[in-house]
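Engineer: Can you read through this structure? Questions will come right after.
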Amino acid sequence: MNISTKRAGIPYRVRDVSVDGQTVRVQLWDAGWTEAWTAVDASSHDALAASALLLVYDVTREDTYESVRTWLRSVKSGGRCTDRVVMMVLGDNCHFQRDDRQVTWERGKELGREAHVAFLEVSSVTAVNLETTLKSVARAVLAKESAAAHQSSSNNKSTCSLQ
């Protein structure tokens with residue numbers, strides 16, 4: 001299934017991804033760096049109730065890399081949702097060669113390492129690493145949700161005491 005639509009002025013896609021024998025329905029919101037995203041910025045993105053955040057910059061535009069760096073810094077410094085949300089940094093347009101790039105693979109990898117999040121280069125034009133990204137994020141979200149459910153059930157065990 002692959003559906004495109006808009007909600008709250010933000011375009012999004014719904015995509016089914018097969019992960020370890022399970023079908024996971026993924027909603028991909030393209031908030032970009034638009035005014036719509038500014039309304040739901042790093043300080044209030046919990047309102048999205050997102051399970052994952054894919055922070056994408058364009059390898060041919062330094063300004064987008066710096067925007068992702070700033071946004072990551074804000075999220076990490078505020079401790080907002082970092083324990084419950086899977087985050088990944090993606091460098092888009094990896095099909096461009098060295099002369100066309102403003103951001104190297106090494107810088108993208110370093111940004112992911114600094115923020116303690118996964119990093120991949122992708123191409124929305126040639127589809128390089130797009131399926132890998134979706135499966136990786138879906139798998140990480142399922143693992144995080146499973147761990148949270150296990151933790152919750154461990155904390156809710158009833159106990160009896162004899163007096």
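Since every read-out is calculated from the coordinates, none of them should be taken as a lab result. Everything quoted here is computed from the prediction, not taken from an experiment. Don't worry about glycine lacking a Cβ; one is built from the backbone with ideal geometry, like all the others, and counts go over all protein chains shown.
Engineer: Using θ = phi - 60° and the Karplus curve 6.51 cos²θ - 1.76 cosθ + 1.60, what whole-Hz ³J(HN,Hα) does each residue of segment 89-99 get, with Gly and Pro shown as x?
Structural biologist: The phi angles translate into 9, 10, x, 7, 6, 5, 6, 6, 7, 3, 5 Hz.
Engineer: Then there's this: Normalized C-alpha radius of gyration of segment 50-143, against 2.2 N^0.38 Å? List each step's numbers first, then the result.
Structural biologist: On the way: Rg = 13.0 Å, N = 94, 2.2 N^0.38 = 12.4 Å.
The reported ratio for this selection is 1.05.
Engineer: Pop a pseudo-label 7 angstrom from the Cα along the beta-carbon direction at both S146 and Q22 and give the gap in nm to one decimal.
Structural biologist: The answer from the label model is 0.6 nm.
Engineer: Cα to Cα, under 14 Å, and not fewer than 8 places away if on the same chain: which aspartates and glutamates meet these conditions relative to K76?
Structural biologist: D41, D46, E114
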